1. Picking from S104, S70, S136, which residue would you name as being assigned to a strand (DSSP E or B) and either within 19 Å of the chain's Cα centre (by Cα) or at pLDDT 95 or above (or both)?
2. Take the residues in the range 43-67 that are part of a strand (DSSP E or B) and touching a residue at least 24 places away in the same chain (Cβ under 8 Å); name whichever of them is nearest to N141 (Cα to Cα).
3. Quick one: count up the residues across the range 68-107 that are more than 26 Å from R134 (Cα to Cα) and either touching a residue at least 24 places away in the same chain (Cβ under 8 Å) or assigned by TED's automatic domain parsing to the domain that holds S140 (or both).
4. Look at F29 and say whether it is surrounded by fewer than 16 Cβ atoms within 10 Å (Cβ to Cβ) and either in contact with a Phe, Trp or Tyr (Cβ under 9 Å, 6 or more places away or on another chain) or not hydrophobic (A, V, I, L, M, F, W, C) (or both).
5. Inside the range 73-101, can you point out the residues that are outside any strand (DSSP E or B) and either in contact with a Phe, Trp or Tyr (Cβ under 7 Å, 6 or more places away or on another chain) or not polar (S, T, N, Q) (or both)?
6. Could you grab me the full set of residues in the range 83-101 that are of a type in the set (F, W, Y) and modelled with pLDDT of 95 or more?
7. When you scan the range 54-63, how many residues do you find that are at pLDDT 95 or above and touching a Ser or Thr at 6+ places or on another chain (Cβ under 8 Å)?
Amino acid sequence: MKRNIYSLLLIIALISSCKSIDDGDFSHFDEAPLFGMIYDSESSPVTGAVVVLDDKKSSQTDINGRVLFSAVSQGDHSVVITKEGFEDVQMVINFSTRNQVLYSTLISIESILDNLENALSLGKIIDAESFLGRASKIDSNNIRVKYLNIVFLTKTDKLEEALKEIDFLMESYPNDPYLILTHTKITGETNDQN
């Protein structure tokens, strides 16, 4: 019996003195892979987004919105995410554990323009101005951006400026019914002011 107790104590001593190869501690490392997942505002993966880490390493998201950087050091890293038709994302992440995942959401110009239309319809001019600035930064030549800018100018009583913008736009789209109706409305409002 004594012999069994000594054997058991010896086994316990040996087990407790051994360090596990993988003790589950993910916080101590020199370099590790950094996995990322990029989605749009509707939680759909964004394919082909360019993710730049520390202005050095660059990778594109796959069809599932995933990106992988193979050897990233522990600590703070700057991240820039870009894709045509979306707002750029700039952030700093603290890569502190090996199992950490970079998640980010990209906002599309369509989503911003939908919010802009909603703000204009509700008369929320300050919100509309913010959405208009964000959309223009993504693509100032977008026809919808240009048209909603005209609506914004009309709502803020900048009728002369709106008329100039719509005349310019109608040169490219002379038969567009929305432009014709908006032009008629702005011309009528301008005449009412005079």
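1. S104
2. Here the answer is V50.
3. 14
4. Answer is no for this residue.
5. Across the range 73-101, the qualifying residues are Q74, K83, E84, G85, E87, D88, T97, R98, N99.
6. F86
7. Going through the range 54-63 one residue at a time, the tally reaches 3.
Yes/no per residue for (1) assigned to a loop (DSSP other than H, G, I, E, B); (2) touching an Asp or Glu at 6+ places or on another chain (Cβ under 7 Å); (3) surrounded by 15 or more Cβ atoms within 10 Å (Cβ to Cβ):
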position: I126; (1), (2), (3): no, no, no
position: F131; (1), (2), (3): no, no, yes
position: D167; (1), (2), (3): no, no, no
position: P174; (1), (2), (3): yes, no, no
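The values are calculated or read from the model by the stated rules, or taken from the named source; none is laboratory data. What you see is a predicted model, and the numbers here were worked out from it, not measured in a lab. For neighbour counting, all protein chains shown are included, and Cβ atoms are generated from backbone atoms with ideal geometry for every residue, glycine included.
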